[in-house]
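Have a look at the structure below, then the notes.
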């Protein structure tokens, strides 16, 4: 999502902020939030609200403090008036609703960060969205590497063999630098190399790993040597794609440890309740 899109969404969301008369606490009406999040039917959005209530209660937080049911009088097409159900939602409630939505939708992805940050400044929203994107990519890599580990274990390769295969794949991706070489280059004493990689490199490793998984399964490769050869080829192909676009992964600077980011995001969520 580019900065212009983020700016437009921020202006839209800002337009629907309300404040209580008594103490100036910010809140959003559910009927208005529904359209902001791209929902078309109230019954579908109310399902999302109910899921958010469950999440709230499971966290040991009073649901009634964040989801206040109200009614509104609306004019029907016939000229008659009717009461409809609505909710006054705190920022935390809105955050939980967004967390239960589809992050592939721009509005949902934006809302997850918009409601999470304290000040709602655009640069903080952008930073958080970048962090969430990197975490998502890292989780995808964890999943593909777990699948590769299972695949090769079922084909006669032990855990040490998996480490050797992954390191040789890294050497192909990083222009000759093994996993340990890259950790030394980045000054990593403990933890995984992928936790310090920039998004493009995490995505590259994931693509090569998924290619290896696919071919190991389809070609029914067995043993460390043929699987190593397959993994090297795939990482070499991905590296070629990167270098053709002027990107040398071994020369990209390391980024903040993802585990630190995950801890900070959890801390931010707790701050929303204060």
message: I'd like to check something: does the range 29-39 contain any residue that is surrounded by fewer than 13 Cβ atoms within 10 Å (Cβ to Cβ) and outside any helix (DSSP H, G or I)?
response: no
- line: Over the range 143-160, the set of residues touching a helix residue (DSSP H, G or I) at 6+ places or on another chain (Cβ under 8 Å) and part of a helix (DSSP H, G or I) is 144, 145, 147, 148, 149, 151, 152, 153, 159
- prompt: Does the range 72-80 include one or more residues that are under 26 Å from residue 128 (Cα atoms) and touching a helix residue (DSSP H, G or I) at 6+ places or on another chain (Cβ under 9 Å)?
  reply: no
Sole exception among (1) surrounded by fewer than 17 Cβ atoms within 10 Å (Cβ to Cβ); (2) in a loop (DSSP other than H, G, I, E, B) for residue 163, by number: (2)
statement: Subset of the range 192-222, residues crowded, with 21+ Cβ neighbours inside 10 Å, part of a helix (DSSP H, G or I) and free of Cβ contacts under 8 Å to residues at least 60 places away in the same chain, comes to 193, 201, 204, 208
message: Here's a check for you: in the range 102-124, which residue that is surrounded by 15 or more Cβ atoms within 10 Å (Cβ to Cβ) and at pLDDT below 85 is nearest to the chain's Cα centre (by Cα)?
response: 103
query: Does the range 77-87 contain any residue that is in contact with a strand residue (DSSP E or B) (Cβ under 9 Å, 6 or more places away or on another chain) and either surrounded by 13 or more Cβ atoms within 10 Å (Cβ to Cβ) or at pLDDT 90 or above (or both)?
result: yes
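The values are calculated or read from the model by the stated rules, or taken from the named source; none is laboratory data. The structure displayed is predicted, hence computed values, not measured ones. Here the Cβ is made from the backbone with ideal geometry for all residues, glycine too, and neighbour counts use every protein chain on show.
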